[in-house]
């Protein structure tokens, strides 16, 4: 493990860390007992030693209720069903816990959501046991397995996924996730939407009791003799049913804690349990009175969103802004110490880390190790008036990550031109640990991207990066972020080959529906055989892109309409602004702000491919379009010199601060945005384009044959907004300043659903004071240039190779992937290789 | 001085952006080709020869059967100095009196298996590249560092280039061994904000042995540099078997304290880590220290730190381990 001891020694962690504390470079989680608090280290250990499993309790109660309440309006049905789950599901308080609450399932255990889809799970339980998976492994006992299998039949024909797919035409299936996967629109067909942040400010101010009073008041003013009044009245009645369940659930934990306190021999623990009991009994209805009560309510209120929605990327808001009033008051009154609040923050991180979501066998190949997924928590940035909000808690949250080194929550730091240098020093010292946390956002373009889609300025300034990076106004938005993704590279291929895949053959599962039926996959917009100029190539690409963006939007809206019809969300409607005011469920457009955010994938690869076509076929006339197509059909076999040439520095590649290629990247991005942005979504609001792949670049690449940029068939396309690399070489050759400048040339204000820029540095390139300050300077300059986001992998390539060889020794190696960080040894081999292959910037 | 398109020009082997350890802030480093020393541990052998050179990377060769562009373009038909092995992969370039160094083979090689080291670059070409990262210099107090090879062998061009940078308000730094006439050095210094140089050994005979040059001129130039009031950083590459002992390092410390009155910004002890092996291979050169097995980081890191602490306490010098600590302003 030579690279694990790169620079600074890591001394004993402190409850209150100095601002400029260094923890070392590229050491990641490979350290014993990272926390100064024995309780935290113990909990971390316990978490590591607990198998991941699934729990059938929620599924059984939901199935029973779905029959029992079938006669009710859907919204009421789900309120009644969720109330029963909250009233009946077994609950536990675990040793040493100061914050309680689960996911209707114990820690490290995933609840099951049969109302969305269940066949895939039953199929895997029977045919491909989930404990035999190489990664994302679930150890499920016989009873749970049988319980899940026992309800499968009751959901036949009633699930949300079946209802959605029933609306697809054969033509639409061709390019969808069921076909050639030009589009991936399936994320919310088999599971829920998530990607929200509760209105914690309001909840903290008035508590669930306050929300109840508000609903009762609004309900009492309705004229139920009018059908509009009646509809709202029914909605409010269901919301009140929901509130009964919510308060009952929290109070159950309060009573359990009191019972456990009575039986507890240890006086210290007894006092803790009594306090936990008091906290729960109070926040079941009331507004929190101190930091501890607030963090308790924050945690359990968020868990209930997940219990209800089956969504991931349920986000935790701006921690430092949200909790500062409690922190300040508790310090002033000496109610709680700073050290104890630090311990509570670290404790809450472990609670978030214990959440689980089960994904199917296909999802875990390309999107492995996500655990729950999207547990975003941000610190720093400006307030509604544009003033810096950095406070003690901003620092404490970063220390809490250094003290836990787990890939949850998914941390984001908002930076702006008045962020204190001391805070940046703290941020980059944590980044240099190498876990990939936190990512950083640039306030200015993030705020611009929100105001461009109708958010008012003060709301936009209060944004958080939901899930991975999606700009969202917390507490007010139902953004359907990550509603789909578009394979730009595949579309580029169709646009240069008459609407057909290059290498089209009868072995493709879509062949019969496609070419066999006398058609093509996409419209015939032209071919390299006949284009006379690069303008014609761009025109064809534009037309092809419009066709697929129209198709994507149609499919997402079909999905959206099905959610509205079958799966209203009475709990989430309580805690997102707008729903109670309007008397409309969140799924039907109740939230103040709505949207839908699909991603473009492969911008770097696509730009390089078009750049090669422009230079070789039209500028230099080195090859004809037909010759290039032939080389691609042959997957470059027999065309080795051309393959080497297109991968070489003689071409113009995106990411080198070279306008020739960067202008084409601008065109590629603008073409995508043009066909997505501002179009209406089925639940209200506008479509917001995003430019990131998370790990979908591997999936999308797997269905695209050779491309002119020098990719071979099946290789990943470029990740997120970054430059391409092929199995031959990386296409960015001029170092980080050139990458930063190329990326900043793209028009970020149009990207309403966010971007990701992955950086991979060798530990030696960021070590020492000058390494740290240069990295800060690099990011400051990139942000000054309007760059939007960055995240960092600072693990040596050799460390990752060693971890592949010796997974046992590297169990705690946390690495940055795309939208998230995860345990390296838990990743699929495909993803491990993609990470190792990304350009490592090293300056020895 | 060299010219290109009637413009002053330099023979440059490489340009590295975002260098962060050779001077303050984020810098663009320009490596001049040609050197008048032969340090046994040199990790940039491509910068030694003062003319363009071909490097060979067999792993990137597509083979004669699949490509063969290099042989086809070579004017020496039938007796090309390009040597390919049995399976048609390029393996070396034969010394040949007939070869006019036309470099066409490098020009056509699609995979850059034949790489050209050394390009004549005009002043305006270099300035355009330097200007690209101006915003990064301004943010971090960075700028340009000229390195090599030996910058002073192209001193006239270096002085012009640095003057141009200063005219454009770009911070300048020169990394040089100072094995050159004082007049050349002083011409370059006129436009130089920071000088980085080495003391590899205080013993002249030993210095000659390990670098191919004596140290008398170098030490004299270092003294002159301090007398001129230049900002100076002195480095010692610490090489086991040559100067990694307390006596050698103390002698350097004593010189800095007594002869330079300690008037330097920083003294850096750099661990020798044996890099550049693949470059020697590509140039078909023998690495003089090919048998050297570098110690593990766990061994050398504390040792370098100990030597730095020793100089700091015994001689009162601003001695540090490595080049990662910020320069005092």
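Among the residues of B:104-114, the average count of other protein chain beta-carbon atoms within 10 Å of the residue beta-carbon is 3.
Site pair residue A:16 and residue A:670 shows an inter-label distance of 5.5 nm when each label is modelled 7 Å from Cα along Cα→Cβ. Each of A:509, A:614 was scored by other Cβ atoms within 10 Å of its Cβ. Listed from fewest to most, they are A:509, A:614.
Each of A:755, A:241, A:406 was scored by other Cβ atoms within 10 Å of its Cβ. Listed from fewest to most, they are A:241, A:406, A:755. Reducing region A:580-606 and region A:366-438 to their Cα centroids gives an inter-centroid distance of 25 Å.
The alpha carbons of region B:54-117 stretch over 27, 24, 17 Å along the principal axes, in descending order. Expressed to the nearest 5 percent, the antiparallel share of DSSP beta bridges inside the protein assembly as shown is 40 percent.
For region A:201-318, the Cα gyration tensor yields ellipsoid semi-axes of 33, 15, 13 Å (square root of five times each eigenvalue, largest first, whole Å).
Using only Cα atoms, locate the centre of region A:340-355 and the centre of region A:265-308, then give the distance between them in Å, rounded to an integer. Each part's Cα centre sits 13 Å from the other's.
With contacts taken as Cα pairs under 8 Å and at least 6 residues apart, region B:54-117 reaches a relative contact order of 49 percent.
Note on chain A: Cα-only Rg and Dmax are 26.3, 86 Å. A full extension of the chain between residue A:546 and residue A:361 corresponds to an added length of 63.4 nm, given 0.36 nm per residue minus the alpha carbon distance.
Take every Cα pair under 8 Å whose residues are at least 6 apart in sequence, average their separation, divide by the length of region B:132-231, and the relative contact order is 24 percent.
Here region A:636-669 and region A:197-250 have alpha carbon centers that stand 57 Å from each other. Per-residue ellipticity at 222 nm computed for chain B from its helices equals -9500 deg cm²/dmol, with DSSP H segments shorter than 4 residues left out and the rest contributing -39,500 (n - 2.57).
Does a label point 7 Å from the Cα of residue B:285, set along Cα-to-beta-carbon, have any residues of region B:74-94 with amide nitrogen under 19 Å, and which are they? What the label zone holds, given the 19 Å backbone N cut-off, is B:91-94. Each label was represented as a point 7 Å from its Cα along the Cα-to-Cβ direction; for residue A:331 and residue A:511 these points are 6.9 nm apart.
Three principal axis extents of chain B based on alpha-carbon atoms, in descending order, are 65, 46, 35 Å. Above 18 Å, the calculated P(r) of region A:357-419 contains 50 percent of its Cα-Cα pairs. Ranking of A:134, A:414, B:273 by neighbouring Cβ atoms within 10 Å, starting from the fewest: A:134, B:273, A:414. Taking every DSSP bridge with both residues inside chain B, close to 40 percent are antiparallel. Working ranking of peptides A:757-764, A:225-232, B:134-141 by packing, defined as the average number of other Cβ atoms within 10 Å per residue, highest first, is A:757-764, B:134-141, A:225-232. The simple Förster model, with R0 at 22 Å and r as the Cβ-Cβ distance, assigns residue A:201 and residue A:451 a FRET efficiency of 0.60.
Counting Cβ atoms of other protein chains within 10 Å of each residue's Cβ and taking the mean over peptide B:54-61 gives 1. Helical runs assigned H by DSSP (4 residues or longer) give chain A a calculated mean residue ellipticity at 222 nm of -14000 deg cm²/dmol, each run adding -39500 (n - 2.57) before division by the residue total.
For a paramagnetic label modelled at 7 Å from the Cα of residue A:620 toward its Cβ, which residues of region B:69-113 fall within the zone defined by backbone nitrogen distances under 13 Å? Zone members listed by number: B:107-112.
Here the simple spin-label model places points 7 Å from the Cα toward Cβ, and for residue A:50 and residue A:120 these points are separated by 2.6 nm.
Across peptide A:521-532, the average count of Cβ atoms from other chains found within 10 Å of a residue's Cβ is 0.
As a calculated quantity, the FRET efficiency between residue B:240 and residue B:131 at R0 = 51 Å, using C-beta atoms, amounts to about 0.75. Under the criterion of Cα pairs below 8 Å and six or more residues apart, the relative contact order for region A:232-326 equals 22 percent.
Computed on the Cα atoms alone, the convex hull of region A:166-216 gives a volume of 122 cubic angstrom per residue.
Laboratory data are not the source of any read-out in this text; all were calculated from the coordinates shown. Every value quoted in this text rests on a predicted model; they were computed, and no experiment measured them. Cβ: placed from backbone, ideal geometry, glycine included. Neighbour counts: every protein chain shown.
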